[in-house]
Each structure stands twice: as C-alpha cells, then as structure tokens.
Amino acid sequence: MSLLEVRNLHTHFISHDLNNNQRVAKGLNGVTFDVDKSEVVGIVGETGAGKSLTAMSIMGLLQPPARVVEGSVTFDGNELIGLSAEDLNRIRGTELTMIVQSPLTSLDPLSRVGKQLVRAQREHRDIPKEEAWTAGIQTMTTVGIPDPERRMRAWPHELSGGMAQRVLIALALINGPRLIIADEPTTGLDVTVQAQILDLLRDLVRDREMGAMIITHDLGVVAHYCTRICVMFAGSIIETGPVREVFNNPRHPYTQALISSTPKRIAEQGYGQIGGPPPNLYALPQGCHYRDRCAKAADICHQTPPLQNAGGGHQARCHFAVDDATATPTVTHG
Amino acid sequence: MTDVTVTTPAPVPGFTWTGRILGITRRSPTFAIGFLIVAIFAFIAAFANVISPFGPIETFSDKVLIPPGSEFWFGSDGNGMDVFSRVMHGARFAFGIAVPSAIIMLVIGVPLGLIAGYKGGMIDEVVLRSMDVLRSFPSIVLALAVVAATGQSLINVVLVIGFLDAPIFTRLVRSEVLALRSSGFVDSAVAAGNPTWRILFVHLLPNAIRGSTAMIAVRMAWAVRISATLAFIGVGIQAPTPEWGAMIRQGAEFIISGEWWVATFPGVALVGIVLGFNLLGDGLQDLLDPRRKATGK
Amino acid sequence: MTLRHFLRRRLLMVVPILLGITFLTFMLLRIGDQDPVAMLGGPMADEAALAEIERELGLDRQFFVQFGIYVGKLATGDLGESWQSSERVADEIRNRLPASLELLLSAVLLGALVGVPVGLRSAQRPNGVFDQVARFVSLFGFSVPTYWIALMAIFVFFFLLGWAPPPLGRLDLATFPPTDITGSYLVDSILTGQWSTARTAAGQLALPVILFSIIVAAPIIKHTRAISLEVLGSDYVRYAKSQGLRPRTVRRIALRNSITPVLTFIGTELTGLLAAVSLLELIFAWGGLGQWGLNAILTGDFAAVQGYVLVLALFSVAVFVVIDLLVLLLEPRATLRP
C-alpha cells in the first residue's frame, strides 16, 4: 500500500448559465495514481489539464462550484474524501503538507514569519512557544535561510520570492510531514533559485524518506528531479511510469508530442507539432479525450481506451500504446 | 494516416425565454427584482394620466387634509389635491430627472475619460485634478449652492446633477482606457491605421463603457434622490409641481399634527424607485462581473 | 521621513485644494441669482442706501480683489461675519460644530458596530439567507432619504407611540445646557454630573442617532461584505486552510486582514457624512452646523456659506489624515512615503 493512493477521482464544476441550463465542467475524469515514500512523482500537463485541481481535491481545498463527485483518496490507508474538516485539519499541515505557486501572496501579510512558524506548530501540538520558536529557527536553517533569527522577525512582504518559498517549505516541514505536494513551486522564481529550491526538496525527500508530488508544466524539472511521471490531459492521466522510461519511450501520442518539443529533441529532429485548442471541459469528446487533436486518431478511439501496460510500471491510456514496438514519435515535421 | 477530426464547438443548450428569465433571476435575483420595480414605475410614469382619478394639480379647496379612503385613495393634502394622483404623476418627474441627467453625465464624463486615458500626459493631469477638486466638494452642498445660485428650475437641477456626477464616469472610463492601452489593444488599432477619433469612439468606447453600466443605474438612483432632497430643502422644483421631494416638504408640517399621509406616500414611492434603481445597478454588477461571486478551483 | 514631516507635507498639499474650493464657492456665490444687498436693504431701501450696504459688505470691489481680501483675512483666522446674524462666522461655527459632531460620531459608532459584523457574517456564507437579507436591508438603507425616514420615525415614535420626545433640538424647553467642556451636551452633562440634563440630552439624541446610524450602516455593510469576500478568497486564506489551521484561526487571520480596508472605507464615508447630517439637523431642530449652513446657502449669506464649505473641506482633510495615521499603525506594509 502506497502512502498516497488516488483512485478514480472525478471533480466537477457545476453551475448554471444565463438560460438556466445546468453546465458541468469536468475538471478531473478518473484520476488514478500513487505516491509512495522516497518517491518524487511529477505531474505534468498543459494549463487546464487538471494538475492543480488534483492537488486541491486531495487537500480538500475545493471551493464551490467545484466538487469531488466520485473517487477516493487514501493517505496512509485513511480515506480523505468526505472527511470532516476537523479530521482533515489533523492531517493537513502535519503529515500532508503543501507548497504553492505564489509564496509571497500565500503568507499571512499581517503576521511575522516567526509567528507563522510557531502558529503552524501550536495549532497541531501543545508545545510551549519557546520550543516552537527554536524549532522554527532550526527549520529555517534546514531550508537554507541565512540569518534565521533575524528572519523570524521579518514581515512576509520583506522577503524575496525565493526566500518566501523557502519559508513555505519550512512551514511544510516543521511538523514532520510524510508527503509534500508542491504545486508549481518554482514558477516566478529565478532560474538559479529554482534549482536551489528543487535541490532542497529532493534532498529532503531522500533524507527523511518523505513522498513528494511535484506539479509542473516544465518537463526539465521532471526530468531532473522526479522518479516517476504522470502526464495529464483533460482531467485524466494518460501516461505514467518511471521518468527515464517515459522520456525515452513515450507511448501516448500526447506525451510523444510533448517530449519531442523539448529543445534537445527539436535540435535533433526539427520542430514537431502539438496541434489544437484546449479541450472543452464542458463537452469532452466521447471515448478518448485526446482524439480531436491526435494524429493517430481512428474509429476505435470513440471507445475509451484502456490502460495499456508497457512493462516496468509504464502505462499509457491509448489504443495504440503497445502496438508500435519501435515507438518512434510519430510527429509530422516541417 | 487517419483523418484528424475537427473539434466542433459544443452547441448552445436550448434558449427559451422562460429559461433566460429564470437563468438571470438565478444568477442575480437583485437584478430581477430591480428590473421589475423600475419597470413598474416606468409603467406608472407612462400611464399616469390613465391611472390617476384626478389631475395632478386639481384642487378641491373644500376637501383639505382628508385621510386616505374611498374618495381619495392616498388622502388629500393641505391644498385639497389628491395625493394619489400626484404621486403617480411624480413618477414622470423621477424619470424626467433620472434619464436626462444620466445622459448628461455620460455625455460629459465619458469623452473626458476617453481623452484623458488615451492622450495621457498634461491633458490627463488637468482632467484628473479638476475632477479631484469637484469630488472633494460634498455633493449635496455643491448641488445646493449651484442650484440656489442659478435659479430654481427643473432643467437647472438636471444639469447640475449631470455635471456633478460626470467625474465618476470620467474616472471609470479613464481606468478602462488605461487598461486597454496597456494590453496592446490600442497599439494594434493604431498600427492598422485608424484615425484617432475612430479609435476613440469605435474601438475604445464600447469596451470602456461596459464597466460603467452598473454605475449608470446607481447614479440614476442618486439623481432621483438628490433632486428630491433639493426640492425638500426648498430649492429647485417647488409646489404645486407634483415632485415627490416637494410633496414631502409640504407634508412635513403635518406630521406633528398627525396627518401622516401627505408625506408618507410620496416617500414610499421615492424609496421604491431609488431602491429599484439601486437593485438594478447591484444586479448588473452581479451579471456582468461573475468573478465577484464564489470562486471555483 | 518622520511623522512630523509627513504631516506637514500632507497639510501643505491640501492647501491648493482648499484654495480651489474656496475659489469655486466664492465664484458661485457671486455670479448667482442671489442678491444679498437687496435682501439686507429690504423693499424700502433707495439707491444710496443700497450702495452703502454694498460698500459695507465689500461687494463693490473687483472680484479678485474681494477674493484676495478674503483669503488674507482667512490667514488670520477671520472668517468674516454672517449677514443674517451679525455674528462672527468663526464663532457661529465654534458654537454649532460640536452639536453636529455629537450626532455624527454617535451615529457612525453605532452604525459601524452593527454594520461591520453584519457585513462580515454575510461574507461567510455568500448568497445564503443571512446574506440576502442583509444585502436587501443595506440597499434599503441606501434608498431611503434621511429626511423622510426621520419624518416617519417622528410620526410613529413621537406622535403615535409617545416614546420619543418632541423634535425640538438637543434639549427640551425646560432644561438648560450643561457647563461647556467639549461642546457635546451629553458628554458635558455626564462629566459634570448633571444627570437629569444628561438623561434629557440622551433622550433627544436617541431618535436622530438611530436613524442616522441606519443610513451610515448601509454602505458599511455593503463594503465590509465585499472586502471580507475578497479576503476570504485570497491566497493566504486558502494557504492557511492547507496548513490545517483551525477554522477559528483562519477566521481570525481573515478578520485582521479585513480591518484596515474597512476602517479606511469608514473614514471615506465619514467625510461626506458631515454634510449629510444637515438634513437631520433641520428636521430635529438640532442647532448644528449643517442646519446653519443650509440656511446660509438659501439666504445667500456669503461669508457664512464660505465658512461652512471650508469647515466641511477641513473636516475631510482631518479625517483623511487620521485614516492615514491609523493605516500606518496597523499595516506593516505601509511606509511614510510621500
């Protein structure tokens, strides 16, 4: 049993248009994946694929009109979907923590950094302030914040983006988590800072045997820091597997198109083509959601493709996934 | 190679009038109610002559201060005039003030805002500063002073209100224009070779004014209110004109002695129409800016 | 930049606006229909008498000369004389301002004490029952004219029910004003232990304050709700929830982040309220600044009108400065920058 098991998660946005017709946007359509300890799973996809939505659904942070309509999320064997806020709060911030895309706006503007670190601990455990304060300083040092005593007294708006992100990581670590969800943790940061933050995450995972889930649209990040990859499209995971395996041998046409658009491949093979508009979540095509953009689409694609096994934990949701043993990216050039 | 299927946009689910009305009501009940109220008053204003049993200044000098009853539905006032008929006709004044002053506000305020936002620089500064001075003035006082100074007529009241509220639209339009400018919208229009006036009025105007529609309704509510206030103080429209503010002024002296109906009914009508416009404006904001409602994701 | 610097700079920037307002008022009064000379002279005055009056009032000079003289006198604190009462304008203002402030501040306090919690609660369950009712009530408060609701209230609570005293001003006919300390009858009578006076003053205050607080509460409810909604949907509130903080703690974070914008808003509302309260003063015969000012406008009492407008503008400025100082105090992100 893995640390985090997501099974068949469906999240919908239910609203009404001006004609009083109900409109349902299907944000997540049967998302299934695992994250185990000492694993770094990368979730990639284009904007709107449902990456952040997955994180929000897991953490119970959905706001109306979004709702989980089906599926299960188990953390350490405990079902999270439908859990009361009180019980959820026991797990959130302690065993299951999160860092987000915009650290500067996510910190409470009216509390100093130290107070937020202390608060994060004392909300969950009954420990004296001094102890929490000291633990705060220690954690700040662990995440690489120089001069931590002084920084404890800083206001969030006095921090740089990179520093604020480290504070978020400190907040995520301070209660000894088993799993960290990182939602686009490096967007908006300098490239050097990005590398530092990700190195930090990777080291922590290794040293503490934590699990980590990195949500990103940057394949480079996945390539360098993740052990496994899940590729999302239109609310489902269309390919998953060990990173190297998927990168070298992508089975789903979408993944193939994505991989071939990395600079290295472009240098090798010229420009490929990832055609098409983003899928309309209010009216997804029946069967394979990708078929409207897929170069390989055929009649059989009107049926929902099963998850095909390509061996070694590598799976892809495509009728043609294991057809082509040579599996060169079939992309038009020119 | 198999054919690639082209994605067709999803067909628009059924449009029915009932559905549309329900849909709008569901999205913004305030808009629905406001619209209803304003529509009722508009109807009253249009058909005041038909609905009223008597003329608005028809006097019965022997029937002064009769309580509401079968003869005078809302009672009669201190001059022997039927309160009901006068209240109905007052609706005409309400619209007669609200609509023209709204037009004036827009005619003055919007072009200034367009120009200030588009040209920027010195012109922008001048416009902004003068608007600031105008805005610092407490509007009631300014309105009062101006109307007292320029003479007491309906036209003056309308002009003054329109003039005083124009800065609000100047500000709104100007910020919309600035936003459009920074988005490259203007640059592409310029690059396409459009003359300035065309850019201003064909390209910028429709977009910039969208954000102001709700404000128009709110300012109309304010126009009705302030003209009634002025009339109450004794400035602007006066008796025997059946304007609600003036009627309340008349009725004020009878409150202490218990003839409540002279002041009450015009006030109820006033509250009604102002409420209607306010609900309309609030509702329009709900409809046009759905981001303000609950957020998803 | 030090506090003193900051204050000095703010006050200095205000001078042009005040001058502008003074000029505007000056101009409006003199180009208007009203003829104070004729009014003061009466129907019997002949040419010579009218000319004499005009000279006395200083109206025979050139426009800019008049303006210059006025501003010059302003600098020494001389606001001229009211033509109605022959009293010094400055004195009239000093006598009446406390009355208006007493009414205004009590109403704002009451309105805020009720309005802010209602707005906050509304935001917690948007479009729920409480919210819909609160929004409707608030819109109602926006739509009701002050003077009319005052008349209705007087009718119901005085005439019909006899709960409220007759609207004859700040005290009834039999009571003398208490010793003048702050200018507020209620506060002064309490301070000096004159309890029956205090009771009377309170009784006279009750109805106008309650009415005005409704008017004040309406925009407060609306904006507190909007501000609170924004805060509740913010990144940091969502992040706080992700930290597993207790709902009470999350609410407290939201509350503290809402206070500053709400206070700022109340301050901006306050600036317009001094003028708005004048109608109530009229109806309740309050003897406040507004009543006097309105009357001055209607009778063309130039100096009095100038003085009134000036006080209103100064009041605005003072309120803005107080708000800025408050923000500086409460907001770590605010700095003393020009």
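Selection over region A:140-174 of residues that are more than 14 Å from chain C (Cβ to nearest Cβ) and assigned to a helix (DSSP H, G or I) gives a count of 11.
Is region C:298-311 home to any residue that is over 21 Å from C:A217 (Cα atoms), part of a helix (DSSP H, G or I), within 14 Å of the chain's Cα centre (by Cα) and more than 9 Å from chain B (Cβ to nearest Cβ)?
So in region C:298-311, the residues over 21 Å from C:A217 (Cα atoms) come out as C:298-311.
Still in the list and also part of a helix (DSSP H, G or I): C:298-299, C:302-311.
Then drop every residue that is not within 14 Å of the chain's Cα centre (by Cα), which leaves C:308-311.
From what is left, the residues that are more than 9 Å from chain B (Cβ to nearest Cβ) are C:310-311.
Yes, region C:298-311 contains a residue that is over 21 Å from C:A217 (Cα atoms), part of a helix (DSSP H, G or I), within 14 Å of the chain's Cα centre (by Cα) and more than 9 Å from chain B (Cβ to nearest Cβ).
Whenever a residue of region C:287-315 is on the phi < 0 side of the Ramachandran plot, its partners that are of a type in the set (K, R) and surrounded by 22 or more Cβ atoms within 10 Å (Cβ to Cβ), lying with C-beta atoms within less than 8 angstrom and at least six residues away or across chains, give the pairs C:G288/C:R96; C:L289/C:R96; C:Q291/C:R96; C:W292/C:R96. Of the residues examined, C:I220 is not one that is farther than 30 Å from A:R90 by Cβ, surrounded by fewer than 18 Cβ atoms within 10 Å (Cβ to Cβ) and either at pLDDT 90 or above or in contact with a strand residue (DSSP E or B) (Cβ under 6 Å, 6 or more places away or on another chain) (or both). Checked against (1) out of contact with any helix residue (DSSP H, G or I) (no Cβ under 8 Å at 6 or more places or on another chain); (2) in a helix (DSSP H, G or I), B:A269 passes all but condition (1). Just one of (1) over 24 Å from C:R170 (Cβ atoms); (2) surrounded by 24 or more Cβ atoms within 10 Å (Cβ to Cβ); (3) within 12 Å of another protein chain (Cβ to nearest Cβ) fails for C:S278. It is (1).
Cβ separations smaller than 8 Å between residues 6+ apart or across chains give the following pairs from region C:158-183 residues that are closer than 24 Å to B:G258 by Cβ and within 14 Å of chain B (Cβ to nearest Cβ) to residues that are at pLDDT below 80 and surrounded by fewer than 14 Cβ atoms within 10 Å (Cβ to Cβ): C:P165/C:D172; C:P166/C:D172. If you scan region C:40-49, which residues turn out to be under 38 Å from the mean Cα position of the chain (by Cα) and surrounded by 15 or more Cβ atoms within 10 Å (Cβ to Cβ)? Residues satisfying the conditions are C:L40, C:G41.
For every residue, the table says whether it meets (1) in contact with a His (Cβ under 7 Å, 6 or more places away or on another chain); (2) crowded, with 20+ Cβ neighbours inside 10 Å; (3) farther than 30 Å from A:V193 by Cβ.
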position: A:E86; (1), (2), (3): no, no, yes
position: A:R90; (1), (2), (3): no, no, yes
position: A:G93; (1), (2), (3): yes, yes, no
position: A:I99; (1), (2), (3): no, yes, no
position: A:S106; (1), (2), (3): no, yes, no
position: A:K115; (1), (2), (3): no, no, no
position: A:K129; (1), (2), (3): no, no, yes
position: A:I137; (1), (2), (3): no, no, no
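Output the residue which, of all residues in region B:258-271 that are within 8 Å of chain C (Cβ to nearest Cβ) and small (G, A, S), is nearest to the chain's Cα centre (by Cα). Step by step, filter region B:258-271, then rank; the result is B:G267.
Pull up region B:238-276, narrow it to residues that are acidic (D, E) and more than 16 Å from B:A45 (Cα to Cα), then point me to the one that is surrounded by the most Cβ atoms within 10 Å (Cβ to Cβ).
Restricting attention to region B:238-276, the residues satisfying the condition of being acidic (D, E) are B:243, B:253, B:259.
Cutting the leftovers down to more than 16 Å from B:A45 (Cα to Cα) gives us B:253, B:259.
Numbers: B:E253: 12, B:E259: 21.
In this case the residue turns out to be B:E259.
Scanning region C:164-181 for residues that are in contact with a Leu (Cβ under 7 Å, 6 or more places away or on another chain) and over 18 Å from C:P98 (Cα atoms) yields a single hit, C:A164. Among the residues of region A:48-70, are any part of a helix (DSSP H, G or I), more than 15 Å from the chain's Cα centre (by Cα) and within 10 Å of chain C (Cβ to nearest Cβ)? Scanning region A:48-70, I find no residue that is part of a helix (DSSP H, G or I), more than 15 Å from the chain's Cα centre (by Cα) and within 10 Å of chain C (Cβ to nearest Cβ), so the answer is no.
Residues of region A:208-238 that are surrounded by fewer than 17 Cβ atoms within 10 Å (Cβ to Cβ) and closer than 23 Å to A:R92 by Cβ: A:R208, A:E209. Per the listing C:R96, C:R55, the residue uniquely in a helix (DSSP H, G or I) and at pLDDT 80 or above is C:R96. Scanning region B:176-225 for residues that are assigned to a helix (DSSP H, G or I), within 28 Å of the chain's Cα centre (by Cα) and among the hydroxyl-bearing types (S, T, Y) gives a single hit, B:T213. For region C:317-338, a residue qualifies if it is within 24 Å of C:S258 (Cβ to Cβ), in a helix (DSSP H, G or I) and not acidic (D, E), and the qualifying residues are C:V319, C:F320, C:V321, C:V322, C:I323, C:L325, C:L326, C:V327, C:L328, C:L329, C:L330. Does C:T249 satisfy the condition of being in a helix (DSSP H, G or I), within 11 Å of another protein chain (Cβ to nearest Cβ) and of a type in the set (S, T, N, Q)? Spelling it out, C:T249 is indeed in a helix (DSSP H, G or I), within 11 Å of another protein chain (Cβ to nearest Cβ) and of a type in the set (S, T, N, Q).
The values are calculated or read from the model by the stated rules, or taken from the named source; none is laboratory data. Bear in mind that the values here come from a model prediction, so they are computed numbers and not experimental data. Virtual Cβ from ideal backbone geometry, glycine too; neighbours counted across all protein chains shown.
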